[in-house]
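Undergrad: Would you mind keeping the following structure in view while I ask a few things?
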Amino acid sequence: MLELRNVYTSFNKGTVDEMNLFKDFNLKINKGEFVSIIGSNGSGKTTLLNLICGTYNLDSGAVFFDGKDITKVKEYKRAKHIGRVFQDPKKGTCSNLTILENFALADNKQKRYSLTNAISKKRIDYYRQIISECNMGLEDRMNVKVGTLSGGQRQALALVIAAMTDIDLLILDEHTAALDPNSSETIMLLTDKVVKEKDLTAIMVTHNIRHASTFGNRLLMMNSGEIIMDKSGKEKENTSINDILTVFNEISIEVGN
């Protein structure tokens, strides 16, 4: 499904602040896996997502998607097959547009159109149906501007929109970090439901170790651009939060967090 081969990536190249984060980094993610990634600050979690999505370029190495080399493929072209939900609820939706208009934008991704002709009346019932599954009453607020929604409501909308089109991979970039505890739990349950119902491959970066332990079928821990823990299937199920915390705390002390 997704593979990173022999990846090297550096920042601030040629300056005193030059940092080599990934050195001969390799990762393979199989179709249908829901991978949770944890690690201390600066471990490379979000950088990894940016390499997958094409936000950052590699110094060397390659990224393969469904067997095809996409290393040189631009971010906007990768977005046809990769959906992404960011930490900031404002990034996944347009504040000044209504819920309905946001759906229309997503529905016409990578097509040429003017907004006045974008909203298909035939699709409105479908939009209402999929947003109703969030159980937030948003199906009755389709003409409300998204900027007036709460953080949890907006993130739920961003998640539904990201998974609405025919994507193969869902990227979750600390998508519950900016939410209150109740909204965070609601979004995680919705995430799990969306991933399972649409049979998506998903990669979730999170600082919430309980979420990483509870959700998904594979757990990675990163440190300094390396994977130091990789648990999947039964092995992940048998790994307790205390087991994870023991390793995590050791790393945090080493890096001074």
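Undergrad: Given the options Arg210, Arg218, name the one that is open to solvent by 80 Å² or more (accessible area, probe 1.4 Å) and either in contact with a Phe, Trp or Tyr (Cβ under 6 Å, 6 or more places away or on another chain) or not hydrophobic (A, V, I, L, M, F, W, C) (or both).
TA: Arg210
Undergrad: Among Lys236, Lys193, Lys231, Lys198, which is the only one that is touching a Ser or Thr at 6+ places or on another chain (Cβ under 7 Å) and of a type in the set (Lys, Arg)?
TA: Of Lys236, Lys193, Lys231, Lys198, the one residue that is touching a Ser or Thr at 6+ places or on another chain (Cβ under 7 Å) and of a type in the set (Lys, Arg) is Lys231.
Undergrad: One residue is enough: does the stretch 32-50 have a residue meeting the conditions under 18 Å from the mean Cα position of the chain (by Cα) and over 27 Å from Met188 (Cβ atoms)?
TA: No, the stretch 32-50 contains no residue that is under 18 Å from the mean Cα position of the chain (by Cα) and over 27 Å from Met188 (Cβ atoms).
Undergrad: Restricting to the stretch 88-104, count the residues that are open to solvent by less than 80 Å² (accessible area, probe 1.4 Å) and either aromatic (Phe, Trp, Tyr) or in a loop (DSSP other than H, G, I, E, B) (or both).
TA: 7
Undergrad: Could you figure out which of (1) in contact with a Gly (Cβ under 9 Å, 6 or more places away or on another chain); (2) at pLDDT 90 or above; (3) of a type outside the set (A, V, I, L, M, F, W, C) isn't true of Asn50?
TA: Unmet for Asn50, out of (1) in contact with a Gly (Cβ under 9 Å, 6 or more places away or on another chain); (2) at pLDDT 90 or above; (3) of a type outside the set (A, V, I, L, M, F, W, C): (1).
Undergrad: Just checking, how many residues over the stretch 197-251 are in a helix (DSSP H, G or I), under 23 Å from Asn26 (Cβ atoms) and touching a residue at least 24 places away in the same chain (Cβ under 8 Å)?
TA: Qualifying residue count, the stretch 197-251: 5.
Undergrad: Could you pull out the residue among Asn143, Asn182 that is open to solvent by 20 Å² or more (accessible area, probe 1.4 Å) and either assigned to a helix (DSSP H, G or I) or charged (D, E, K, R) (or both)?
TA: Testing whether each residue is open to solvent by 20 Å² or more (accessible area, probe 1.4 Å) and either assigned to a helix (DSSP H, G or I) or charged (D, E, K, R) (or both) leaves just Asn182.
Listed here are the residues, each with its yes/no results for (1) open to solvent by 20 Å² or more (accessible area, probe 1.4 Å); (2) free of Cβ contacts under 8 Å to residues at least 60 places away in the same chain.
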position	(1), (2)
Arg5	yes, yes
Thr15	yes, yes
Asp24	yes, yes
Lys28	yes, yes
Ser36	no, no
Gly54	no, yes
Asn57	yes, yes
Val63	no, no
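Undergrad: For the stretch 132-139, does any single residue satisfy the condition of being in contact with a Leu (Cβ under 7 Å, 6 or more places away or on another chain) and part of a helix (DSSP H, G or I)?
TA: yes
Residues are listed down the side, and each one gets a yes or a no for (1) over 26 Å from Leu169 (Cα atoms); (2) at pLDDT 85 or above; (3) aromatic (Phe, Trp, Tyr):
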position: Arg84; (1), (2), (3): no, yes, no
position: Pro89; (1), (2), (3): no, no, no
position: Cys94; (1), (2), (3): no, yes, no
position: Glu101; (1), (2), (3): no, yes, no
position: Leu105; (1), (2), (3): no, no, no
position: Lys111; (1), (2), (3): no, no, no
position: Lys122; (1), (2), (3): yes, no, no
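The values are calculated or read from the model by the stated rules, or taken from the named source; none is laboratory data. Keep in mind the model is a prediction, meaning the values are calculated, not measured. Note that each Cβ is placed from the backbone with ideal geometry, even for glycine, and that neighbours are counted across all protein chains shown. Ligands, DNA and RNA are excluded from the accessible area calculation, which covers all protein heavy atoms including side chains. Shrake-Rupley method; radii C 1.70, N 1.55, O 1.52, S 1.80 Å.
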